[in-house]
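Trainee: Please find one structure pasted underneath; my questions will follow.
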Amino acid sequence: MSDPFDRILGQPKVRDFLRAAIASGNVGQSYLFTGQAGSNKTTAAYAFAQAILCAHGGCGDCETCERILRRRHPDVRYFEPGGVDGYLAEQVREIVGDVNMAPVQAKRKVYLLDRADRLGASAANAFLKTLEEPPEHVVLLLLARTREGVLPTIVSRCQVVPFRQIPESVAAGMVAQNSGVQPDQARYALAACNGSIDRAIEFARSKDRFLFRRRVFEVLEALALADDLDILEYAAELLEKSKAPLDLVRRGLDADLEESREFMAASAIRQIEARNKRALSKRTKEAFYEITALARSWLRDVLMIAGGTADLVVNDDRTQALESVALRADEARVVCALAAVREADTAIRYNVSPETCFDVLLLQIREELYGSHSARGVEI
């Protein structure tokens, strides 16, 4: 047996608390996991879901555990804010309506609501009755960065489980240990995944993702000599390469759906199709955020060198190119370029066309770092 709770790296108190809840049979119905990005809240939520739905309390090896681990179990529902300003009213209505439906495969259903700090007053009010008195077969797991960021009316109805901030050096050690890569590569993977340990481990295990990382940096390093046409071509290339891993995700989701068609009612199949659509949308956005994370990490390193703190550079395999950029772009310009990356993240959340997002991002980085350009770039 493989204990799902062993995947909750760097959070021994959380592991003990969740294990005790399962062992005692005293699983509540409403929890609020709080902690900064990279603290393993999402991993813990899925591990808890495995233990709740598994007939053996989370064996890690049965079909139920495997489906939850792959994010493909129809009775584990994941939600995140659908609008830039937070959860949409129709999302809350969907959750409220869905909790009263019977589970598709298991005896219980688990709902994960990410970024619960973005449940605004109106959305929260519509959700309060469900949160206070969920059906017996439902467990609600809310995730937020801070307890203070969540409305008090929500906090008061949940068991709060705090997650500690994991130091970057410790996180890199965890990634290296669980992926088999060297510590420097673990740091690179964390930077590419916005500090998410779980995703960084997946990144570190893939040679293709490291090749993608290198290509993103090559494009950024070529911007000084790139004209507008070059940039449009670079953006299209990065967008296409970022989507490559999604083909595997899509095939896996389609295979699971075909397996389910034989023994599930049409209404259950529709639920799975809706869930698969959300899962693919989430993974697609993660792929786009990987580009912005790499750009942010690269620009941060340029800023460190320009500010005289080269010892803090993360992507030290690109030091020579970073130094070259730092000679041409002062700190103020780099800060403006970092602001352009934040704007791109916001545009992705707004569901702006990814082609537009990355065209604009590369154009803005070039203009912020170098100002007006003159010559057509060389091919790289």
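The values are calculated or read from the model by the stated rules, or taken from the named source; none is laboratory data. For clarity, every value in this text was computed on a predicted model and none was experimentally measured. For neighbour counting, all protein chains shown are included, and Cβ atoms are generated from backbone atoms with ideal geometry for every residue, glycine included. Note: areas computed on protein heavy atoms with side chains; ligands, DNA, RNA excluded. Shrake-Rupley method; radii C 1.70, N 1.55, O 1.52, S 1.80 Å.
Trainee: Which members of the range 314-338 meet the condition of being surrounded by fewer than 18 Cβ atoms within 10 Å (Cβ to Cβ), closer than 24 Å to Ala172 by Cβ and without any contact (Cβ under 8 Å) to a residue 40 or more places away in the chain?
Mentor: Thr319, Gln320, Glu323 - these are the residues of the range 314-338 that are surrounded by fewer than 18 Cβ atoms within 10 Å (Cβ to Cβ), closer than 24 Å to Ala172 by Cβ and without any contact (Cβ under 8 Å) to a residue 40 or more places away in the chain.
Rundown of residues vs (1) more than 12 Å from Pro4 (Cα to Cα); (2) basic (Lys, Arg); (3) open to solvent by less than 40 Å² (accessible area, probe 1.4 Å), yes/no style:
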| site | (1), (2), (3) |
| --- | --- |
| Phe17 | yes, no, no |
| Asn26 | yes, no, no |
| Ala37 | yes, no, no |
| Lys41 | yes, yes, yes |
| Ala45 | no, no, yes |
| Ala49 | no, no, yes |
| Ala55 | yes, no, no |
| Arg70 | yes, yes, no |
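Trainee: Further question: Test each condition in (1) open to solvent by 70 Å² or more (accessible area, probe 1.4 Å); (2) of a type outside the set (Asp, Glu); (3) out of contact with any helix residue (DSSP H, G or I) (no Cβ under 7 Å at 6 or more places or on another chain); (4) modelled with pLDDT under 90 for Ala266 and report the one that comes out false.
Mentor: With respect to (1) open to solvent by 70 Å² or more (accessible area, probe 1.4 Å); (2) of a type outside the set (Asp, Glu); (3) out of contact with any helix residue (DSSP H, G or I) (no Cβ under 7 Å at 6 or more places or on another chain); (4) modelled with pLDDT under 90, Ala266 is out only on (1).
Trainee: Residues Asp85, Asp75: which one is in contact with a Lys or Arg (Cβ under 7 Å, 6 or more places away or on another chain) and of a type in the set (Asp, Glu)?
Mentor: Asp75
Trainee: For the range 154-197, name all the residues that are more than 20 Å from Gln36 (Cα to Cα) and out of contact with any strand residue (DSSP E or B) (no Cβ under 9 Å at 6 or more places or on another chain).
Mentor: Taking the range 154-197 and keeping what is more than 20 Å from Gln36 (Cα to Cα), we get 156-157, 176-185.
Those that are more than 20 Å from Gln36 (Cα to Cα) and out of contact with any strand residue (DSSP E or B) (no Cβ under 9 Å at 6 or more places or on another chain): Ser156, Ala176, Gln177, Asn178, Ser179, Gly180, Val181, Gln182, Pro183, Asp184, Gln185.
Trainee: When Gln165 is evaluated against the numbered criteria (1) open to solvent by 80 Å² or more (accessible area, probe 1.4 Å); (2) modelled with pLDDT under 95; (3) closer than 30 Å to Glu368 by Cβ, which criterion, by number, is the only one it fails?
Mentor: (3)
Trainee: Going by the structure shown, is Ala186 at pLDDT 95 or above, aliphatic (A, V, I, L, M) and more than 27 Å from Glu80 (Cα to Cα)?
Mentor: Spelling it out, Ala186 is indeed at pLDDT 95 or above, aliphatic (A, V, I, L, M) and more than 27 Å from Glu80 (Cα to Cα).
Trainee: Taking interchain pairs and intrachain pairs at least six residues apart, which have beta carbon atoms under 6 angstrom, with the first residue in the range 90-108 and under 17 Å from Phe79 (Cα atoms) and the second part of a helix (DSSP H, G or I) and open to solvent by 40 Å² or more (accessible area, probe 1.4 Å)?
Mentor: Final answer for the pair search is Val92/Ala126.
Trainee: Looking only at residues that are at pLDDT 95 or above and β-branched (Val, Ile, Thr) in the range 331-355, which one is nearest to Glu290 (Cα to Cα)?
Mentor: Restricting to residues being at pLDDT 95 or above and β-branched (Val, Ile, Thr), the top hit is Val341.
One line per residue, one yes/no per condition, for (1) in contact with a Ser or Thr (Cβ under 6 Å, 6 or more places away or on another chain); (2) over 21 Å from Thr43 (Cα atoms):
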position	(1), (2)
Val139	no, no
Leu142	no, no
Arg147	yes, no
Thr153	no, yes
Arg199	no, no
Phe203	no, no
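Trainee: Same structure again: I'm trying to understand the selection: among the residues of the range 142-185, which are over 17 Å from Ile197 (Cβ atoms) and free of Cβ contacts under 8 Å to residues at least 12 places away in the same chain?
Mentor: Matches in the range 142-185: Glu148, Pro152, Ser156.
Trainee: Moving to a separate point now. Just the residues that are farther than 23 Å from Val160 by Cα, in a helix (DSSP H, G or I) and not aliphatic (A, V, I, L, M), please, taken from the range 41-90.
Mentor: Within the range 41-90, Glu63, Thr64, Cys65, Glu66, Arg67, Glu90 qualify.
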